[in-house]
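Please read the structure below before turning to the comments.
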Amino acid sequence: MHRLLNAWLAFPLAESWTGRSIRPKLHLLRQDMGLPFAERKRRRLARLAEVIDRASHEVPYYRDLVRTSRFDAKRVARDEQYLADLPYLTKDILREQGKRMLSERYDGQHLELRKTGGSTGPTTAIYYDRVALDWSAAVNLLVREWAGKPPGAKEVHLASRFPEVFPWRDRAKESCKCLAMNRANIFIDTFEPSGLEAIWRSLARHKPYLLQGHPSTMYALAVHLRNRQVEAKGQLQVFESTGEVLDARKRELIETVFGCRVVDRFGNAECGVVAYEPLALKRQPLRVVDAVAWPENLAHEGGTPEIVLSGLLNRAMPLLRYRTGDLGLLSQDESGFVLDRIMGRVHDVVQIGPDRFPTHYIQDLVDRLDGVEEFQLEQRRGGALRLRLVVPNAESHSAISRRVETWWGKRVELEFTDFAGLERRGWQHKFRYLVDSAAA
């Protein structure tokens, strides 16, 4: 009864009270994403040509760019290959151009600010108009349906606890949102055993259908419960991984400890949720929500190409051929675009003496060490590298130290720690396998 009241009463009332229009857009998305891929692709290219043409008239940056490059947006609707004539957009350009990236149509109007996570460098301001926010909310509801979540079913979000007290309006808005969506927040401020125990007690109390959070947090909790031999199965049905790369080791332990299905998703502050893993009996590539953005791949020296996106829904700040910095393999099948092999950022490469290695190569090596539950690399000033290892069994530290020394000699400084000792960066406290001490 509670679930039905949330789905058919609380959400519509909240939507009306806040002046949002989300459910009609969800209905349109369902219909649109249900079309054959050939028809969707035709529509996406026509939409992309329209977005580029409008940006060339309304956005100062693109007005100059299109004029100097003599780019003809109409050709994109006929053949996607013409898109290659439009230069790429980067975070550096976004920060440098500032308000020149905004549509003049929205001068003087209120726009909603979203920020990139800041885990790999300076945060970047992204602005949404109200309609774009409604589309983003509708996409979130759509992909939750792909995860099998019934309307109004309980969900929990793992969120970082911030030291400051937010204004009462923001707190009231969040409370209203949680009520409408039958959602609860579990706040995290430490990965010490006491903090992990508090997360577990809150989760056991809520028993949600779906839990969303960083995979590093859920993995730390799974290790904590496994080591304490706590029976955690039945507390949730689906874990939705977000914000960080989900690797096979984390996925396997989370599914084993909680007896749940794990689904991955890919998105960012710039475009919202872009791709999602449908709930299935075995792991599948992520399905691109092509109504959100037109995807491309850009070759990268590490082998796995970079993901490039052209947003289709945000008129206030259209981002065209935007280099996300994330790596992943884009392909197509009969149902649409799919993303696979998502493995971090373009600059997730470490320097060890004269050699450079991608972090996933280091991970393969670390996986050969017995008793290692997590690792992190810190590139230090002057080129030195620190390797942090979470190894609860202190008796194995000496053997692991000798093994690491045979790989890299004294060029790598080894540090044994616990989950609380791993660095988390950005305002969302994201975990990354590689952190740069110079950017701290």
Mind checking Rg over Rh on the stretch 184-331, alpha carbons, Kirkwood formula for Rh? 1.03
The stretch 79-237, relative contact order in percent, only Cα pairs under 8 angstrom and at least six apart counted: 18
Coarse-grained scattering of the stretch 44-144 at q = 0.12, 0.16, 0.21 Å⁻¹, given as base-10 log I(q)/I(0) from a Debye sum over alpha-carbon atoms: -0.50, -0.88, -1.27
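Taking the stretch 271-354, which GluC sites (Glu not before Pro) meet the DSSP loop condition and have no more than 11 other C-beta atoms within 10 Å?
On the way: sites: 296, 301, 306, 334; in loops: 301, 334.
Passing sites in the stretch 271-354 are 301, 334.
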If you take the beta carbon distance between residue 201 and residue 414 as r and set R0 to 30 Å, what does 1/(1 + (r/R0)^6) give as a FRET efficiency, to the nearest 0.05? 0.30
Using a Gaussian network model on the chain with a 10 Å cutoff between Cα atoms, which of 428, 235, 332 fluctuates the most? 332
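If I take every Cα pair under 8 Å that is 6 or more residues apart in the chain, average their sequence separation and divide by the length, what percent do I get for the relative contact order?
Relative CO of the chain lands at 15 percent.
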Cleavage-rule hits, trypsin sites (Lys or Arg not before Pro), the stretch 247-296, DSSP coil, Cβ neighbours within 10 Å at most 11: 282
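Test of the criteria: in the stretch 50-100, which trypsin sites (Lys or Arg not before Pro) are in a DSSP loop and have at most 14 other Cβ atoms within 10 angstrom of their Cβ? Each step should come with its number before you reach the end.
Numbers: sites: 54, 63, 67, 70, 74, 75, 78, 91, 95, 99, 100; in loops: 70.
Listed in order of number, the matching sites are 70.
So what's the convex hull volume per residue for the Cα atoms of the stretch 337-440, in Å³? Provide the component values of the computation, followed by the final result.
Numbers: hull volume 12.8 nm³, N = 104.
Output value, Cα hull per residue: 123 Å³.
Taking 4 °C and 1.567 mPa s as the conditions, I'd like the Stokes-Einstein D for the stretch 69-227 in µm²/s, using the Kirkwood hydrodynamic radius from alpha carbon pairs.
Details: Rh = 19.7 Å.
Result for D is 66 µm²/s.
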For the chain, what is the charge dipole size about the Cα centre, in debye to the nearest 20, if Lys and Arg each add +1 at the Cβ and Asp and Glu each add -1 at the Cβ? 1020
Using the 2.2 N^0.38 Å rule of thumb for compact globular proteins, work out how the stretch 29-69 stacks up: its C-alpha Rg over that value, please. 1.54
Any idea what log10 I(q)/I(0) is at q = 0.11 Å⁻¹ for the chain, Debye with uniform C-alpha scatterers and no solvent? -0.94
Placing +1 at every Lys and Arg Cβ and -1 at every Asp and Glu Cβ, with all other atoms neutral, what dipole size does the stretch 226-375 have around its Cα centre, in debye to the nearest 20? 320
With +1 on the Cβ of every Lys and Arg and -1 on the Cβ of every Asp and Glu, and nothing else charged, how large is the dipole of the stretch 1-144 about its Cα centre, in debye rounded to the nearest 20? 360
Full-extension gain between residue 194 and residue 298, please, as 0.36 nm times their residue separation minus the C-alpha to C-alpha distance. 33.0 nm
Work from the charge dipole of the chain (Cβ charges, +1 for Lys and Arg, -1 for Asp and Glu, about the Cα centre) and give the residue of 160, 176, 286 farthest towards its positive end. 176
Return an integer: the convex hull volume of the alpha-carbon atoms of the stretch 48-93, in Å³ per residue. 72
Using +1 at the Cβ of each Lys and Arg and -1 at the Cβ of each Asp and Glu in the chain, identify which of 400, 188, 127 lies farthest towards the dipole's positive end. 127
Given the protein chains as shown and a 1.4 Å probe, how many square angstrom of residue 190 are accessible, to the nearest 10? 40
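For residue 347 and residue 256 in the same chain, what is the full-extension length gain: residue separation times 0.36 nm, less their Cα-Cα distance, in nm?
Extending this stretch completely gives an extra 29.5 nm.
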Which log10 I(q)/I(0) values, to two decimals, does the stretch 1-103 give at q = 0.12 Å⁻¹ under the Debye formula with one point per Cα? -0.65
For residue 368, project a label point 7 Å along Cα to C-beta. Then give me every residue of the stretch 391-405 with its amide nitrogen under 13 Å of that point. 403-405
Using 0.36 nm per residue of separation minus the Cα-Cα distance, give me the extension gain between residue 106 and residue 90 in nm, one decimal. 3.5 nm
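Relative contact order (percent) for the stretch 44-155, with alpha-carbon contacts under 8 angstrom and 6 or more residues of separation? Mind dumping the intermediate values first?
Details: 87 pairs, mean separation 22.4, N = 112.
With pairs under 8 Å counted, the relative contact order is 20 percent.
The values are calculated or read from the model by the stated rules, or taken from the named source; none is laboratory data. Note that this is a predicted model, so its numbers are computed, not measured. Please note: Cβ atoms are built from the backbone with ideal geometry, for glycine as well, and neighbour counts cover all protein chains shown. Side chains are part of the model used for accessible areas, which takes the heavy atoms of the whole protein and leaves out ligands, DNA and RNA. Shrake-Rupley method; radii C 1.70, N 1.55, O 1.52, S 1.80 Å.
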